[in-house]
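Take a look at the structure below.
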Amino acid sequence: MVMRFLWYTILFFIIITAFWKTDVQAQNSIPQSWSQFRGPGGAGHVQDEFIAHTPKLKLVWEQEIGSAYSELLVRNDVLFTMSSDMIDSLHGNEYILAFNAQTGAEKWRCRIDSLYFEIDGWGHGPRSTPVLHDDLIFCLSGNGKLSAHKTSDGTMLWQNDFVANFQSTRPRWGYSSSPLIVNEMLVVEVGGKDNQAFMAFDPLTGKPLWNSQNGEPFYNSPLYTQLDGEPQILFASNDILYSLKPDGDTLWTFKMPFRLITTMPLMVGKNSIFLSGVRTPGFVIIEVDQHKIKEIARGDHMQTDFNTASYQNGFIFGFNVSTLRCISAITGELKWSKRGFGKGSQIIVNKHMVVLSDQGLLVVAEANPDAFVEIVSAQAIKGKSWTAPSYARGKVYVRNLTGMACYQMYE
């Protein structure tokens with residue numbers, strides 16, 4: 001009898017421990033930060049503990065900031081981004097900065113490069129979004145200098161000049177691709193000569209670890225994902241989509257039906273990828289099976305320009321130039337259209353779509369494939385707003401070329 005009681009007791013603790021571990025793992029899986037371009041996994045889509053809450057938009061703080069298009073990264077109550085200033089009509093500086101994410105107060109800044117001057121009047125300064133990894137942050141200037149910094153105080157540890165070191169040529173509208181971390185490596189599009197289009201660097205030293213392919217630098221960013229359970233890095237360069245192993249070897253390539261692509265590849269299912277350019281046709285959806293590519297849909301009614309679309313439950317939400325739309329990720333069928341946001345941007349948080357118009361109007365709507373249903377809105381910032389929102393711990397963070405703001409979305 002005693003032995004039976006003992007075994008029941010042991011079994012009880014095993015079950016309780018298993019549930020406790022599962023609960024802890026579930027909590028740990030909830031994203032508490034926005035640490036890279038387009039957030040966790042580069043998907044522009046997160047779910048968290050506020051999934052059952054009704055959204056609202058309450059201003060927490062607002063802050064002036066210098067010109068840049070970098071997203072706002074948030075981790076452990078610290079916000080990181082890039083900015084710039086002008087000394088005179090010919091000179092200026094670019095910076096990596098940190099702020100208190102609760103108040104908007106600046107904590108530190110570090111100069112990374114001279115100012116990239118934009119020739120068409122679209123705004124000077126950095127284009128790329130940094131990436132956080134452990135106690136470091138990595139950023140790319142508009143003129144092509146990649147650098148590593150301590151998150152504690154901004155101290156620069158190393159810097160690589162793409163033009164001087166790898167014979168890259170600066171794109172017309174500046175270096176715009178955002179770096180990412182893959183297996184303890186810093187991976188980025190360089191656009192260098194001699195098989196140095198895509199490169200990986202040691203995060204601690206800046207030493208090159210591998211290089212692959214030829215091609216000029218462009219305006220989209222790579223995506224680290226899995227297809228058929230196989231880890232791979234997707235780069236879109238000119239009219240070719242490259243899939244590389246984490247060690248830089250090429251797995252497969254796909255010739256896209258458009259040459260000018262400024263947005264990231266988007267996973268829209270286990271083995272399907274949505275690609276969108278700024279020329280006809282507007283998009284193509286491909287399916288990858290054992291490195292073999294099959295086109296499953298294409299059309300002209302989703303032509304993303306500045307910002308990558310988002311995916312949820314079989315549907316793609318994004319901008320066709322200046323019209324917000326939803327299409328089927330299986331057939332490409334147009335479900336609905338909504339004008340009034342200009343060349344805006346969107347992310348998906350839980351079951352809600354967070355939309356920022358190109359004039360700073362922030363809207364929360366249902367991520368609903370049947371219709372656009374607005375829930376709440378606020379004029380978050382004023383002026384040209386081409387940077388997509390960020391999200392962490394119930395708050396939405398937005399910015400443009402002159403200011404940034406934090407809004408409470410869930411409580």
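Scanning region 322-351 for residues that are without any contact (Cβ under 8 Å) to a residue 60 or more places away in the chain, hydrophobic (A, V, I, L, M, F, W, C), in a strand (DSSP E or B) and buried (at least 18 other Cβ atoms within 10 Å of the Cβ) gives Leu324, Cys326, Ile327.
Taking region 288-308 as the range and being of a type in the set (Lys, Arg) and more than 15 Å from Pro265 (Cα to Cα) as the test, the residues that pass are Lys292, Lys294. The set of residues in region 204-231 that are under 14 Å from Met185 (Cβ atoms) and either in contact with an Asp or Glu (Cβ under 7 Å, 6 or more places away or on another chain) or assigned to a strand (DSSP E or B) (or both) comprises Pro208, Leu209, Trp210, Asn211, Ser212, Pro222, Tyr224, Pro231.
Does region 356-378 contain any residue that is at pLDDT 95 or above, within 21 Å of Gly42 (Cβ to Cβ) and β-branched (Val, Ile, Thr)? Checked against the condition, which is being at pLDDT 95 or above, within 21 Å of Gly42 (Cβ to Cβ) and β-branched (Val, Ile, Thr), region 356-378 yields no hits at all. Restricted to strands (runs of 3 or more DSSP E) entirely inside region 271-321, those with at least 3 residues that are surrounded by fewer than 21 Cβ atoms within 10 Å (Cβ to Cβ) are 283-289, 292-299.
Taking every residue in region 248-263 that is closer than 23 Å to Ser176 by Cβ and pairing it with any residue that is among the acidic types (Asp, Glu), at least 6 positions away or on another chain, the pairs with Cβ-Cβ distances below 7 Å are Lys255/Asp239; Met256/Asp239; Phe258/Asp239; Arg259/Asp239; Thr262/Asp305. Only one of the numbered conditions (1) touching a helix residue (DSSP H, G or I) at 6+ places or on another chain (Cβ under 8 Å); (2) without any contact (Cβ under 8 Å) to a residue 40 or more places away in the chain is violated by Ser114, and that is (1). Tell me yes or no: at least one residue of region 176-193 is closer than 18 Å to Arg127 by Cβ, in contact with a helix residue (DSSP H, G or I) (Cβ under 9 Å, 6 or more places away or on another chain), in contact (Cβ under 8 Å) with a residue 24 or more places away in the chain and not in a strand (DSSP E or B). Within region 176-193, one or more residues are closer than 18 Å to Arg127 by Cβ, in contact with a helix residue (DSSP H, G or I) (Cβ under 9 Å, 6 or more places away or on another chain), in contact (Cβ under 8 Å) with a residue 24 or more places away in the chain and not in a strand (DSSP E or B).
When region 40-73 is filtered for residues that are of a type in the set (Phe, Trp, Tyr) and within 17 Å of Gly104 (Cα to Cα), only Trp61 remains. On the stretch given as region 128-173, residues that are out of contact with any Asp or Glu (no Cβ under 7 Å at 6 or more places or on another chain), small (Gly, Ala, Ser) and either under 15 Å from Glu94 (Cβ atoms) or part of a strand (DSSP E or B) (or both) total 4. Candidates are the residues of region 277-299 that are modelled with pLDDT under 95 and under 25 Å from Leu356 (Cα atoms); the one that is nearest to the chain's Cα centre (by Cα) is Gly277. Among strands (runs of 3 or more DSSP E) lying entirely in region 54-110, which contain 3 or more residues that are among the charged types (D, E, K, R) and in contact (Cβ under 8 Å) with a residue 24 or more places away in the chain? Ranges flagged: 58-64. Of all the criteria given as (1) touching a residue at least 40 places away in the same chain (Cβ under 8 Å); (2) over 18 Å from Ala309 (Cβ atoms), the one not satisfied by Val373 is (1). For region 34-44, check the following and say yes or no: at least one residue is under 19 Å from Ser147 (Cβ atoms) and surrounded by 23 or more Cβ atoms within 10 Å (Cβ to Cβ). The answer is yes, given that some residue of region 34-44 is under 19 Å from Ser147 (Cβ atoms) and surrounded by 23 or more Cβ atoms within 10 Å (Cβ to Cβ). Out of curiosity, is Tyr397 assigned to a strand (DSSP E or B) and within 25 Å of Gly314 (Cβ to Cβ)? No; evaluated as a whole, the condition is false for this residue. Residues of region 211-226 that are crowded, with 16+ Cβ neighbours inside 10 Å, under 15 Å from Pro265 (Cα atoms) and modelled with pLDDT of 95 or more: Ser221, Pro222, Leu223, Tyr224, Thr225.
Answer with yes or no whether Phe80 is of a type in the set (Phe, Trp, Tyr), under 30 Å from Arg393 (Cβ atoms) and surrounded by 23 or more Cβ atoms within 10 Å (Cβ to Cβ). Judged against the criteria, Phe80 is a match. What number of residues within region 329-338 satisfy the criterion of being hydroxyl-bearing (Ser, Thr, Tyr) and farther than 11 Å from Asp370 by Cα? Count: 1.
Of these, Lys245, Lys207, Lys255, which one is under 18 Å from Val284 (Cβ atoms), basic (Lys, Arg) and at pLDDT 95 or above? Exactly one residue qualifies, and that residue is Lys255. Residues being crowded, with 19+ Cβ neighbours inside 10 Å, in a loop (DSSP other than H, G, I, E, B) and either among the charged types (D, E, K, R) or touching a Pro at 6+ places or on another chain (Cβ under 6 Å) (or both): count how many of those fall in region 352-386. Result for region 352-386: 1.
The values are calculated or read from the model by the stated rules, or taken from the named source; none is laboratory data. Not measured: the values here are computed from a predicted model. Every residue, glycine among them, receives a Cβ derived from its backbone with ideal geometry; neighbour counts consider all protein chains shown.
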